[in-house]
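The structure appears right after this line, and notes come after that.
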Amino acid sequence: MEYDDNNVDKTEQVEDAKISFKELASKTQKPSVFDRVTTIILLAICIAMAAYVIFGSVGTRQAAVEEQAVDTRINVRAEAVQPGTFRNYTRLNGGIGSDNSDVAIVPDTAGNIVSMLVKRGDMVKAGDVIAYIDPSRPGQNFKENPVESPVDGMITSIPVSLGQQVSSATTIATISGDKTLYIEASLPERYIGTAAVGMAADFTSVAYPGETFTAELSFISPNVKTTNRTADIELAITSGAEKLREGMYVTIDLVTEEQQDVIAIPSSAITETLDGNIVYVVEDGRASVRNVTVGSRNESETVITSGLQPGDVVITAGTVADGSAVNVLE
């Protein structure tokens with residue numbers, strides 16, 4: 001029996017190919033330990049990165065939401081109310097007057113001024129010698145006569161000079177003595193019914209910015225001027241008189257009403273609605289509406305007769321609605 005060599009070779013080639021394919025398949029289906037470890041590590045890294053991205057994004061969104069929640073609070077100013085004294089004022093303009101006029105000093109005799117012992121601005125006491133007059137005449141020599149101050153006070157003028165001839169009627173100096181100062185003002189007719197002697201007042205002067213003095217109503221004229229419908233009044237100065245000068249211009253706040261132990265709040269905190277007056281108070285970090293009843297008011301404050309209790313924190317500045325989250329500024 002004859003064999004074909006070509007067929008034998010082809011058979012061997014096929015067998016060799018099967019063996020090579022099996023080896024390749026075996027290598028593909030059964031990865032090495034190194035490959036498996038590498039794959040696991042890469043997979044773990046991918047999972048960790050995915051978790052970081054997911055949870056980091058969630059945390060960022062949560063922080064943004066929290067920040068947004070803080071930003072939605074409305075900034076307001078508020079104050080706790082407590083009972084106190086409420087005053088209503090009538091504002092007037094007036095001037096400082098005095099019950100004493102300046103004192104003119106004159107010599108007892110005529111003659112020449114030979115000595116002047118004071119100058120403007122000097123303070124003198126009653127009996128102090130301020131000048132000497134020589135009453136001598138030609139051919140006659142007399143002793144120099146002293147000129148004394150009749151009162152305590154300040155030398156405000158010296159209208160003569162040394163050597164000048166003066167008579168017993170010539171003013172050689174003027175003294176501004178100790179004076180009792182008071183305030184002169186005019187009260188409009190519409191306020192006369194509420195004014196009474198003894199009422200307190202505060203007043204200010206441009207000479208002392210930011211400083212307040214006190215006074216008391218001491219006189220009300222029984223007559224009303226027909227020209228301007230006012231009555232003359234006087235106020236006794238009860239503090240700061242030593243700083244004041246006659247003729248100064250002052251602004252007076254005359255107390256025409258006074259209430260003790262009442263709750264008064266800034267008028268700007270009150271909102272008028274069709275259903276009445278309301279205010280907003282801070283409760284648990286939110287604005288809460290309150291209906292209130294109002295009483296007397298002055299230029300800045302209003303008395304609350306019902307609707308608020310001592311300790312309530314009233315919003316005095318800021319636009320809010322009932323339930324608004326608020327942040328109270330210090």
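May I ask you to list the residues in region 199-229 that are over 18 Å from Ala241 (Cα atoms) and among the small types (Gly, Ala, Ser)?
Ser221
Gln82 passes all but one of (1) in a loop (DSSP other than H, G, I, E, B); (2) farther than 30 Å from Gln259 by Cβ; which number fails?
Here Gln82 clears every test but (2).
Given (1) of a type outside the set (Lys, Arg); (2) outside the structural domain of Thr204 (by TED's automatic domain parsing); (3) in a strand (DSSP E or B); (4) crowded, with 16+ Cβ neighbours inside 10 Å, identify the lone condition not met by Gly94.
In the conditions (1) of a type outside the set (Lys, Arg); (2) outside the structural domain of Thr204 (by TED's automatic domain parsing); (3) in a strand (DSSP E or B); (4) crowded, with 16+ Cβ neighbours inside 10 Å, Gly94 misses (2) alone.
What are the residues in region 280-330 that are under 21 Å from the mean Cα position of the chain (by Cα) and not polar (S, T, N, Q), if any?
Arg297, Glu299, Glu301, Val303, Val313, Val314, Ile315, Ala317, Gly318, Val328, Leu329, Glu330, listed by residue number.
So Gly59 passes all but one of these: (1) surrounded by 10 or more Cβ atoms within 10 Å (Cβ to Cβ); (2) outside the structural domain of Ser205 (by TED's automatic domain parsing); (3) modelled with pLDDT of 90 or more. Which condition number does it fail?
Exception for Gly59: condition (3).
Being over 27 Å from Asp178 (Cβ atoms) and outside any loop (DSSP other than H, G, I, E, B) is the filter here; which residues of region 114-144 pass it?
Val114, Asp134, Arg137, Gln140
Which residue out of Thr170, Thr174 is of a type outside the set (Gly, Ala, Ser) and in a strand (DSSP E or B)?
Unique residue meeting the criteria: Thr174.
Mind listing whichever residues of region 314-330 are part of a strand (DSSP E or B) and either buried (at least 17 other Cβ atoms within 10 Å of the Cβ) or of a type outside the set (A, V, I, L, M, F, W, C) (or both)?
Residues of region 314-330 part of a strand (DSSP E or B): 314-317, 325-328.
Within region 314-330, Val314, Ile315, Thr316, Val326, Asn327 meet the criteria.
Could you tell me which residue of region 78-126 is farthest from Ile233 (Cα to Cα), considering only residues that are among the aliphatic types (A, V, I, L, M) and without any contact (Cβ under 8 Å) to a residue 40 or more places away in the chain?
Leu117
Given the options Glu189, Glu184, Glu234, name the one that is of a type outside the set (Ser, Thr, Tyr), touching a residue at least 24 places away in the same chain (Cβ under 8 Å), touching a Ser or Thr at 6+ places or on another chain (Cβ under 7 Å) and surrounded by fewer than 16 Cβ atoms within 10 Å (Cβ to Cβ).
On the way: Glu184 fails: touching a Ser or Thr at 6+ places or on another chain (Cβ under 7 Å); Glu234 fails: surrounded by fewer than 16 Cβ atoms within 10 Å (Cβ to Cβ).
One residue alone meets the criteria, Glu189.
Do we find that Ile220 is more than 14 Å from Leu92 (Cβ to Cβ) and more than 32 Å from the chain's Cα centre (by Cα) in this structure?
Details: more than 14 Å from Leu92 (Cβ to Cβ): no; more than 32 Å from the chain's Cα centre (by Cα): yes.
No: the conditions fail for Ile220.
As an exercise: evaluate Ala325 against (1) out of contact with any Gly (no Cβ under 7 Å at 6 or more places or on another chain); (2) under 23 Å from Asn75 (Cα atoms); (3) hydrophobic (A, V, I, L, M, F, W, C) and give the number of the one condition it does not meet.
Condition not satisfied by Ala325: (1).
Checking Glu184 against (1) under 19 Å from Val103 (Cβ atoms); (2) out of contact with any Lys or Arg (no Cβ under 6 Å at 6 or more places or on another chain); (3) not in a loop (DSSP other than H, G, I, E, B): exactly one of these is not met. Which one?
(1)
The values are calculated or read from the model by the stated rules, or taken from the named source; none is laboratory data. Keep in mind that what you see is a predicted model, and the values were worked out from it rather than measured. Because the Cβ atoms are built from the backbone with ideal geometry, glycine has one as well, and the counts that use them run over all protein chains shown.
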